[in-house]
Structure formats: structure tokens, C-alpha cells
Amino acid sequence: MRIALFTAFALLAADSSAQQQDGRMLLTIFLRHDQSKTLDEINAHLEKTGFTQAFPPPGVEVVSWYVMMGIGQVVTVRLPPERLRELNRLIEQKAWGGYRTDFYPTYDFRPIAETERAKKK
């Protein structure tokens, strides 16, 4: 069991380092709808603050952007770590009031899971 766990962590480390060779990180942002407001009110707030035009800022790549019914939107971005504060400030200044936000450092586990699944066949 320990060997399998160690192998999985080794694969994860190898995969993560290969993905991050360019020095960028993944960050998942939950933009939770403020359910005390209608969608029109949320959109009006985002338009007023300029969120729609400002997000994502130049140099921040959107990897995925999904609507989760009953929650809001879930956006995963790739960015240089030194731009994290700038992205956070943009969200605070332009999205708050329309959304409540959560941030999660992220990595792609799918290649690791596929490798482990293939080993078991």
C-alpha cells in the first residue's frame, strides 16, 4: 500500500513539475451567485464595475469556465504566481457585490488517474 501511494505521489510530482515548467499555476475561482439578487441585478453590477471587460486580465489564461446550477460559475485560470495578488484585487474590486468568491489552487489529476487505471488493467 505504501509503495502504491508513494508511486502515485511521485507521478503527481512529475506531472505537476512538467505542467509547471513555464512557471504558471492553476487557480480555480468559485463565483457564487448572490441569491439575494436577480440575475439582471448581478449582471448590472458586473457591467457597472467593469468586471465583464476586465476579466480575465491580459496574461491570465482561462482554462475552463462552467456554470454550476444553484452555485454560480466556476472558472479555472492559468497565471504566473506573481500575478495572483493582481487577480485577487480585480475580483475584489469588480466581482464582489455580484458574487461571493472562493479560490482554490488547482492541479490536473486526470493524467495520474488514467495512468493508475491503466496499471490496474
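Of note:
- Segment 30-47-segment 49-68 distance, computed between alpha-carbon centres (Å): 15 Å
- Segment 62-119 shape via C-alpha gyration tensor axes, a/c threshold 1.5: oblate
- Enclosing the Cα atoms of segment 23-108 in their convex hull gives a volume equal to 86 cubic angstrom per residue.
- Pairwise label distance in nanometres, residue 62 with residue 84, each label 7 Å out on the Cα-Cβ vector: 2.3 nm
- For residue 72, distant residues with modelled amide H under 5 Å away: 33
Read-outs: derived from the displayed coordinates by stated rules, not from any lab. Computed from a prediction, not measured in an experiment: that's the story for all the values here. Glycine also receives a Cβ, built like all others from the backbone with ideal geometry; neighbour counts cover every protein chain displayed.
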